[in-house]
Amino acid sequence: MAATGSAPAERTLVLVKPDGVQRGLVGEIVARLERRGLKLVALKLMQLPSERAARHYAEHQGKVFYEGLIRFITSGPIVAMVWQGREAVTVVRSLMGATDPLKAAPGTVRGDLALDLGMNVIHGSDSTARAGAEIALFFEDHEIHDYERTLDRWIRE
Ligand code: IDP
Ligand code: MG
């Protein structure tokens, strides 16, 4: 049995996109991540400037949906968060569901709360390397708060 906290905690960036904020789904999404056992270590409400949106979605530049994606993600406030925990990147991706909500499994955020590819409510980093870069794009080091939770010993062996 591993000792408590023996594995390094992984971090991932999560965004509640403008549709999720407008629809009042911030609490629902935060609650799902909390209940899974991940730890919230940073959070802010912000409207994304288009240069930062372009950097965030650089991998999609040139694709047919790119311009619409940038317009959408900058169209209103988003909630940016950093979540920490065991395999946080993979855990969040599986909890989000497939990119296209029509293909996302019931029980996932997109499978339960969304219908449209362009309005799929949530973003989560897709690899640990991307997570590091994305977290740096949204947060200064001093905005990320690592802290002990007494309940952590009931989440990880
Ligand atoms: P992900 O959000 O599941 O990581 P990505 O492939 O990285 O999916 O795409 C980023 C975002 O761009 C998606 O969440 C979705 O909102 C949007 N998007 C992706 N593919 C399409 C498409 O074919 N049409 C319209 N929007 C798309
Ligand atoms: Mg992606």
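What to note about this one:
- Meets criteria (assigned to a loop (DSSP other than H, G, I, E, B) and at negative phi) for residue 151: no
- Check on residue 107, surrounded by fewer than 14 Cβ atoms within 10 Å (Cβ to Cβ), at pLDDT 95 or above and in contact with a Pro (Cβ under 6 Å, 6 or more places away or on another chain): no
- In the set (1) part of a helix (DSSP H, G or I); (2) surrounded by 16 or more Cβ atoms within 10 Å (Cβ to Cβ), residue 12 fails one condition alone, (1).
- Inter-residue pairs, beta-carbon under 8 Å, first near ligand 1 (Cβ under 7 Å from one of its atoms) and in a loop (DSSP other than H, G, I, E, B) and in region 54-68, second modelled with pLDDT of 95 or more and not aliphatic (A, V, I, L, M), 6+ apart: 57/66; 65/118
- Candidates are the residues of region 87-130 that are part of a helix (DSSP H, G or I) and over 18 Å from residue 36 (Cα atoms); the one that is nearest to ligand 1 (Cβ to nearest atom) is 130.
- Residue satisfying condition, being in contact with a Lys or Arg (Cβ under 9 Å, 6 or more places away or on another chain), surrounded by 14 or more Cβ atoms within 10 Å (Cβ to Cβ) and at pLDDT below 95, within set 156, 86: 156
- Pairs where the first residue, in region 112-134, is free of Cβ contacts under 8 Å to residues at least 60 places away in the same chain and the second is among the acidic types (Asp, Glu) and more than 7 Å from ligand 1 (Cβ to nearest atom), C-beta under 7 Å, 6+ apart: 117/100
The values are calculated or read from the model by the stated rules, or taken from the named source; none is laboratory data. Keep in mind the model is a prediction, meaning the values are calculated, not measured. All Cβ positions, even for glycine, are placed from backbone atoms using ideal geometry, and neighbour counts span all protein chains on display.
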